[in-house]
Amino acid sequence: MTTDPRSPATALQGSRCSGCSVSVYPADDACPRCGGPADPATLSGAGTLWTWTVQRYAPKSPPYQAPPGGFVPFALGYVELPDGVRVAAVLDVDDFEEVRIGMPLMVTAGEGVPRARPTTGHKGNS
Ligand SMILES: [Zn+2]
């Protein structure tokens, strides 16, 4: 597993407190813990699934815009990153049955909500 330095546009741009080193996403210029100044930081997108749900109905519109083919249920989860940040992301999985709490995921930023995809290359390692 590697991070690709050539594609900074897909990295999570958060921020990190210069005082207590708390990281946040999305970026904020104030630390949520101590209120001190936070500097922009690129966060590692590699994390594990903390919790998730299936969005079975279209979110309120606006701001939600349904895709051209119409709304399709999708998995939405919180991915816990090593920095201690929990990021809400759409889970890019083929089958909701694949989703497990604690599964390794790679989160990338994109338009709107970040997306997370499984980083395991194979299934059934138990
Ligand atoms: Zn702080």
For the chain, give the magnitude of the charge dipole about the Cα centre (Cβ charges: +1 Lys/Arg, -1 Asp/Glu; no others), in debye to the nearest 20.
140 debye
Just Ala46, Ala75, Ala58 to compare: in a GNM of the chain, with alpha carbon springs under 10 Å, which one fluctuates most?
Ala58
What three numbers, in Å, describe the spread of the alpha carbons of the chain along their principal axes, ordered from the longest?
44, 42, 29
Can you tell me which of Pro67, Pro37, Pro26 moves the most in a GNM of the chain? Springs connect C-alpha atoms under 10 Å apart.
Pro67
Looking only at Pro62, Pro114, Pro82, which one moves most when the chain is put into a Gaussian network model with springs between Cα atoms under 10 Å?
Pro62
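Bear in mind that the values in this text are calculations on the coordinates, not laboratory data. Small disclaimer: the values here were computed from a predicted structure and weren't measured. Neighbour counts run over all protein chains shown; Cβ positions are idealised from the backbone, glycine included.
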